[in-house]
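Novice: Sharing a structure here in structure tokens format.
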Amino acid sequence: MAFVITRPCCNDASCVSVCPVNCIHPTPEEPEFRTAEMLYIDPESCIDCGACVDACPVGAIFPDGELADEDEPYLRLNADYYLDHDGEAGEAPLRRAPKLPDGDVYIAVVGAGPAAFYAAEELVRFGSVQVDMYDRLPTPYGLVRAGVAPDHAATKAVERTFASTERKKNFQYRLDVTVGRDITLDELADRYHAVLHASGASTDKKLGIAGEDLPGSVAATEFVAWYNGHPDHADDVYDLSSERAVIVGNGNVALDVARILLTDPDELASTDIAQHALEALRTSSIREVVILGRRSIADGAYTNSEFLSTGLVDGVDVVIDDADLTVSPQIAAQLDDGTVDSTIGSKVRLAREYAANGTHSADRRVVFRYLTAPTEVLGDSAVTGVRIVRNSYDAQGRVCPTGETSEISTGLVIRSIGYRGQVVDGLPFDEETGTVPNHAGRVVNTEGEHLPGQYVAGWLKRGASGGIGTNRFCGQETASVIVEDIVGGAMPTPPLHRDDVVAMLASRGVLPIDGGGWSNIDKAERTASRAVGSVRRKIVTIAKLREAATGPIPG
Ligand code: NAP
């Protein structure tokens, strides 16, 4: 018997640190870790001790003999990784907590998503470090609450890890406070030794083609926020009356959106999906979602794990046409001589398996198109279709358009081509990457000099890539340079004390929500969910969230 890692894997490597035989890879010490789609258990070296199962925060690990039918393919996905990896790894470096100088250190963390929490988790280990976490929303957890798809409940279990940090005595929430509007960065810098910016990447990238802004052409970033009950998008209205939707881009967000559009709404009713989205989906006419990837089946931006799980949605067929199976001459040669990278090899295998499956009996389908790019979103006053061009490979293996164009009719185009960070007032910004320039989390100016007391973590630090667990190591890296700067005396001493912040905010009409307030919201959402049989019924307006934060009215 061996253990197997399945779809919810969050890459946070909690399992790696408890494995006594080092059979889970890549480990954080291995270079591939930063780009790994998921972690894999080597079936040859696993000793079946089960330590990884207990450590996994998202319940993704099972003994091979107890895998659910739909998880069986993960057995091969785990084993495939070891086709071109020998499973050897260096010893993990021994981490010793450094001794901090005497006196309290105050740190403001801006943002309450995964990177913010993973950094805070490291910092609150030191009793003298006081962490105040600010977020513009009345609720914490960033993209775990407002990004992770509602049907991926296991992934959201990572919130338990964050909750154990929020219970620490040296941790405080200051939710419902917009840094840059309610309090300036200078005001924070005057009161905290360090400000750690982890506000993520919340806007969308642009396609730069005609018709992109027509009604009916929407950004996946906003559509995801809508079905997840983000207050900024609670009033959005989407026209789902077309039989077909087209999604541009084939990353994991595209797959999330396709599943939500096609899953039976009765199945979604038990999740934490926003009620307004559930109601809209119940009257949706969409039966087909076409996902456009501009490169080949070897280059899907999705992870294999999510690609696999797309085929497991009840009542939904995955369709790939044989004509879409072309790969570059270089990949074709590597597939022939068996030298192809295992992740790419699995991508090709899974796409070929979908294409070979000729039985398409479901009334809903997701169609993956490859080597296909949009050149124009069509329509006069609203979207009526997309013009696409066929791509091909030149001799150097570069993707280029062939000139062969066609049209797909649709009333809904969802642009899912990635998230982008936004300028933070008072900090340098790299327009090209949508990130704050930094060295290992220390914010730097154009001369590469550290701006004292300013740090960054998460998507704002490294761009919008990687799953939740990737943020663990990103947050830890930033936390470790903060600790280094405390120990090395490189931290500026703030002229003021942070104790006046709440009064200062109140004088501006801003009442921060603290841990008790969040706990009240959480209870209110869970209580409401019981009545409708879901895991959580999200409150989706700022006014109602504020009301819930004050707690139930006595009596
Ligand atoms: P992504 O993974 O970066 O995918 C972006 C997609 O858009 C790619 O297919 C890309 O093609 C395509 N694209 C970019 N510019 C384009 C253009 N001008 N024309 C046509 N296509 C274009 O972004 P994402 O899906 O938003 O995901 C962001 C991150 O969150 C990823 O790391 C993802 O894995 C992670 N995430 C993870 C999960 C999960 O673990 N379940 C769920 C959601 C998101 P190319 O590849 O050719 O550039």
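The values are calculated or read from the model by the stated rules, or taken from the named source; none is laboratory data. Computed from a predicted structure; not experimentally measured. Ideal geometry is used to build each Cβ from the backbone, glycine not excepted, and the neighbour counts take in all protein chains shown. Protein only, heavy atoms only, side chains kept; ligands, DNA and RNA dropped before computing areas. Shrake-Rupley method; radii C 1.70, N 1.55, O 1.52, S 1.80 Å.
Novice: With a 1.4 Å probe and all protein chains left in place, how much of the accessible area of segment 206-418 comes from carbon and sulfur atoms, in whole percent?
Specialist: Ligands and nucleic acids excluded, carbon and sulfur reach 45 percent.
Novice: From Cα pairs below 8 angstrom and at least 6 apart in sequence, can you work out the relative contact order of segment 3-80, rounded to a whole percent?
Specialist: On the way: 112 pairs, mean separation 34.5, N = 78.
Normalised by residue count, the contact order of segment 3-80 is 44 percent.
Novice: Follow-up question, since we're still on this one. Please express the shape of the chain as an equivalent ellipsoid: the semi-axes are the square roots of 5 times the eigenvalues of the C-alpha gyration tensor, given largest first in whole angstrom. Before the final figure, lay out the partial values.
Specialist: Details: eigenvalues 292, 170, 117 Å².
In descending order the semi-axes read 38, 29, 24 Å.
Novice: Mind listing the long-range amide H neighbours of ASN438? Cut-off is under 5 Å, sequence gap 5 or more, other chains count too, H placed in the peptide plane at 1.01 Å from N.
Specialist: The answer is VAL444.
Novice: Something else now. Sort all Cα-Cα distances of segment 206-418 into consecutive 10 angstrom bins from zero, then give the percent of pairs in each bin up to the one containing the longest distance.
Specialist: Whole-percent P(r) values from 0 Å outward: 8, 34, 36, 18, 5, 0.
Novice: Give the peptides 371-384, 520-533 in descending order of average Cβ contacts within 10 Å, highest first. Each step should come with its number before you reach the end.
Specialist: Values: 371-384: 18.0, 520-533: 14.8.
My ranking of the peptides, most packed first, is 371-384, 520-533.
Novice: Let me ask something else about it. Using amide H atoms built in the peptide plane, which far-off residues or other-chain residues are under 5 Å from LEU378 H to H?
Specialist: When sequence neighbours closer than 5 places are left aside, the close amide H contacts are THR384, GLY385, VAL386, ARG387.
Novice: Run through every distinct alpha carbon pair of segment 429-470 and return the Kirkwood hydrodynamic radius in angstroms, one decimal place.
Specialist: For segment 429-470, inverting the mean 1/r across all distinct Cα pairs yields 10.6 Å.
Novice: Right, another one. Bin width 5 Å, alpha-carbon pairs only: give the P(r) of segment 11-160 as whole percents, running from 0 to the bin holding the largest distance.
Specialist: So the P(r) values, bin by bin, are 2, 8, 14, 17, 17, 15, 13, 8, 5, 2, 1, 0.
Novice: Moving on. Students often check this: by mean Cβ neighbours within 10 Å, which of 184-196, 47-59 ranks highest, and how do the rest follow?
Specialist: Averaged packing, sorted descending, gives the order 184-196, 47-59.
Novice: Mind checking which aspartates and glutamates have their C-alpha under 14 Å from LYS461, skipping anything on the same chain fewer than 8 residues away?
Specialist: Partners found: ASP430, GLU431, GLU432, GLU477.
Novice: In percent, what relative contact order does the chain have, based on Cα pairs under 8 Å that are 6 or more apart in sequence?
Specialist: On the way: 1117 pairs, mean separation 106.4, N = 555.
Computed over the chain, the figure is 19 percent.
Novice: Let me ask another. Expressed as a whole percent, how much of the Cα-Cα distance distribution for segment 3-80 exceeds 20 Å? It would help to have the intermediate numbers written out before the result.
Specialist: Working: 585 of 3003 pairs.
Everything past 20 Å amounts to 19 percent.
Novice: Then there's this: Mind checking Rg over Rh on segment 378-421, alpha carbons, Kirkwood formula for Rh? Don't skip to the end; give the middle numbers.
Specialist: Values: Rg = 14.2 Å, Rh = 12.8 Å.
Checking Rg against Rh, the ratio lands at 1.11.
Novice: Just want to confirm a number: the relative contact order over segment 427-553, from Cα pairs under 8 angstrom separated by 6+ residues, in percent. Spell out each step's value before the answer.
Specialist: Working: 112 pairs, mean separation 19.3, N = 127.
Dividing the mean separation by the residue count of segment 427-553 yields 15 percent.
Novice: Any idea what % of Cα-Cα pairs in segment 321-452 are farther than 24 Å? Please report the intermediate quantities before stating the final value.
Specialist: Details: 4987 of 8646 pairs.
Of all Cα-Cα pairs in segment 321-452, 58 percent lie more than 24 Å apart.
Novice: In addition: Using only alpha-carbon positions, what ratio does the radius of gyration of segment 503-555 give when scaled by 2.2 N^0.38 Å?
Specialist: Details: Rg = 12.8 Å, N = 53, 2.2 N^0.38 = 9.9 Å.
Cα-based Rg divided by the globular estimate yields 1.28.
Novice: For segment 3-80, which whole-number percentage of the solvent-accessible area (1.4 Å probe, protein heavy atoms only) is attributable to carbon and sulfur atoms? Each step should come with its number before you reach the end.
Specialist: Details: 1620 of 3280 Å².
Here it works out to 49 percent.
Novice: Can you give me the C-alpha center-to-center distance between segment 476-555 and segment 2-62, rounded to a whole angstrom?
Specialist: If you average the Cα positions of each part, the centres end up 32 Å apart.
Novice: Next question, about the same structure. For the chain, what does the accessible surface come to per residue with a 1.4 Å probe? Please give it in Å².
Specialist: Values: 24130 Å² over 555 residues.
Counting only protein heavy atoms, the per-residue value for the chain is 43 Å².
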